[in-house]
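Working notes, beginning with the structure itself.
The values are calculated or read from the model by the stated rules, or taken from the named source; none is laboratory data. As the structure is a computational prediction, the values presented were derived from the model and not from experiment. Counting neighbours? That spans all protein chains shown, and the Cβs are built from the backbone with ideal geometry, glycine included. Side chains included, ligands, DNA and RNA excluded: accessible areas come from the protein's heavy atoms. Shrake-Rupley method; radii C 1.70, N 1.55, O 1.52, S 1.80 Å.
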Amino acid sequence: MDQRPLGLLTIHVKRGINLAIRDHRSSDPYIVITVGDQTLKTRVVKRNCNPVWNEEMTVAIKDLNVPIRLTVFDWDKFTGDDKMGDANIDIQPYLEALKMGMELLRLPNGCAIKRVQPSRHNCLSDESSIVWNNGKITQDMILRLNNVECGELEIMLEWHEGAGCRGITSAAKEGSSST
């Protein structure tokens, strides 16, 4: 089995919205992104329930079925960090748009390729658009946090294939050859 990644997924962590209070009047939130055995962490934003991170985290995607999990924590200096909710990113609609590939080259910038509606199968809190922009396909989304009383995360996805990557189309071929 080829161990090279299919591609790299950049998750632009923009901001948190109305995150839960876990300290006296606020929280010190940070996000942990987990994909398989990869774990990435944003910086802590002190005393803010509406933090702005504007950080880019890139993970290697080896299996399209491995969940991408975002977990928000409240940093505590003297005790264990408190969990402030979690969300899974459903990348399947985004991957479907990526597989269109060269057909998109004729589209104007800012053209929505696909719209994804919130459902019980995803953590979207609002409609999410997959957009063709400057030769790239991106998806902006606002994720509703689970296992917490309130809170949302605003993120953007962007796929990269470079040297050493198998590519998104190879995953489709591998999937059809194993049936």
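Quick notes on this structure:
- A prolate overall shape is assigned to the range 36-138, the ratio a/c of its alpha-carbon gyration tensor axes (a ≥ b ≥ c) being 1.5 or greater and a/b exceeding b/c.
- Top positive-direction residue, dipole computed over the chain with Cβ charges, set 153, 87, 10: 10
- Total lysine pairs in the chain at Cα distances under 29 Å, for residues eight or more apart or on different chains: 25.
- Model label sites at residue 146 and residue 47, defined 7 Å from Cα along the beta-carbon direction, differ in position by 3.5 nm.
- For residue 60 and residue 96, a Förster radius of 25 Å and the Cβ-Cβ distance give a FRET efficiency of 0.80, rounded to the nearest 0.05.
- Placing a label point 7 Å from the Cα of residue 4 along the Cα-to-Cβ line, the residues of the range 154-168 whose backbone N sits under 13 Å from it are 161-168.
- When the residues 73, 78 are ordered by accessible surface, computed with a 1.4 Å probe over the protein chains alone, the sequence from largest down reads 78, 73.
- Charge tally in the Cβ shell below 14 Å around residue 93, where Lys, Arg are +1 and Asp, Glu are -1, residue 93 excluded: -1
- Only the Cβ atoms of Lys and Arg (+1) and of Asp and Glu (-1) were treated as charged; on that basis the dipole of the chain about its Cα centre amounts to roughly 200 debye.
- Legend: calculated FRET efficiency, residue 81 to residue 156, from the Cβ-Cβ distance at R0 = 30 Å, rounded to 0.05, equals 0.70.
- Sorting 10-16, 80-86 by their mean Cβ neighbour count within 10 Å, with the most densely packed peptide first, gives 10-16, 80-86.
- Per the Debye calculation on the range 1-77 with a single equal scatterer at every Cα and no solvent contribution, log₁₀ I(q)/I(0) for q = 0.10, 0.20, 0.23, 0.26 Å⁻¹ amounts to -0.28, -0.84, -1.00, -1.18.
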